[in-house]
Amino acid sequence: FPGVIIEPSANPPGYPKTGHGISFAALLGVLSKTEVISLKDSEFRLTLDALGKLRSNWLPDVPLTDNPAKKLASELLGKIPLLFSSRPLLGSIHASTNVLHEIGRTFSVYFDFPEFNHHLVEAFEFPSDIRQKVECLFVHSEFFSERIKLRYEVVDKLFREKDLKVNNLYLKGQ
């Protein structure tokens, strides 16, 4: 039976969720070979190179001072991460909470801008120590509409006025 064997070196942590990139690349390859999408090898390699450069600062051997992933992890340590984002990133944010659950063994939830505006802004009164237990992570994208970007600013201000810890993560991409 034909199949693909993925070498463990392609997934150093060994967790299934950390292999999403390999699965996604395989799907792109199949779609390209069957001409469902047009993807040149050169375009794919440029993307891999760009991702490799972005990822180079997140590797385990990069010291905390130069490693944004380690900095964020140290800020979230001992907190309940509340992830916030908007379309088209909701699937990625959902997957991120899964990784926090399964690999990080950390309770986490995500919320959809602007949906949560209708209820969550008022939910940080009880229990009285909730503000000390959570950290809000706002995941931004340059692809969001101006209206959504404005909501981020307003909610950031509201949350800080409620003494909530807010961390902003600005995604890079094209």
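The values are calculated or read from the model by the stated rules, or taken from the named source; none is laboratory data. Everything numeric here is computed off the predicted structure, so don't read it as measured data. Cβ atoms come from the backbone with ideal geometry, glycine included; neighbour counts cover every protein chain shown. Areas reflect the complete protein model, heavy atoms only, side chains present, ligands, DNA and RNA absent. Shrake-Rupley method; radii C 1.70, N 1.55, O 1.52, S 1.80 Å.
Amide H to amide H distances under 5 Å link Leu83 with Val109, Tyr110, Phe111, Leu137, where only residues 5 or more positions off or on other chains count and H is placed in the peptide plane.
With the whole protein complex present, Leu31 retains an accessible surface near 50 Å², based on a 1.4 Å probe. Each residue of the stretch 101-109 is assigned a 3J(HN,Hα), and the resulting list reads 5, 7, 9, x, 6, 10, 5, 7, 9 Hz, derived from the Karplus form 6.51 cos²θ - 1.76 cosθ + 1.60 (θ = phi - 60°), x at Gly and Pro. Restricted to Cα atoms, the stretch 19-174 shows a radius of gyration and a Dmax of 18.0, 57 angstrom. Surface calculation, 1.4 Å probe, protein heavy atoms: Tyr170 sits at approximately 140 Å² accessible. Using a probe radius of 1.4 angstrom, the carbon and sulfur fraction of the accessible surface of the stretch 40-174 is 58%.
Could you pull out the pairs from Lys40/Lys172; Lys40/Lys70; Lys33/Lys172; Lys133/Lys157 whose alpha carbons sit more than 26 Å apart here? As for pairs spanning more than 26 Å Cα to Cα, those are Lys40/Lys70; Lys33/Lys172. Just to confirm the filter: which GluC sites (Glu not before Pro) across the stretch 82-170 are DSSP coil and have at most 12 other Cβ within 10 angstrom of their Cβ? In loop regions of the stretch 82-170 (DSSP not H, G, I, E or B), the sparsely surrounded GluC sites (Glu not before Pro) are Glu125, Glu142. Neighbours of Pro68 by Cβ distance under 15 Å: Lys/Arg scored +1, Asp/Glu scored -1, total +2. For the stretch 55-142, the solvent-accessible area with a 1.4 angstrom probe is 58 square angstrom per residue. Listed values for the stretch 134-147 are Karplus-derived 3J(HN,Hα) couplings in whole Hz (6.51 cos²θ - 1.76 cosθ + 1.60, θ = phi - 60°), namely 10, 9, 8, 10, 8, 9, 9, 9, 5, 7, 5, 5, 4, 5, and x replaces Gly and Pro.
If you take the Cα centroid of the stretch 31-95 and the Cα centroid of the stretch 96-136, the two points sit 21 Å apart.
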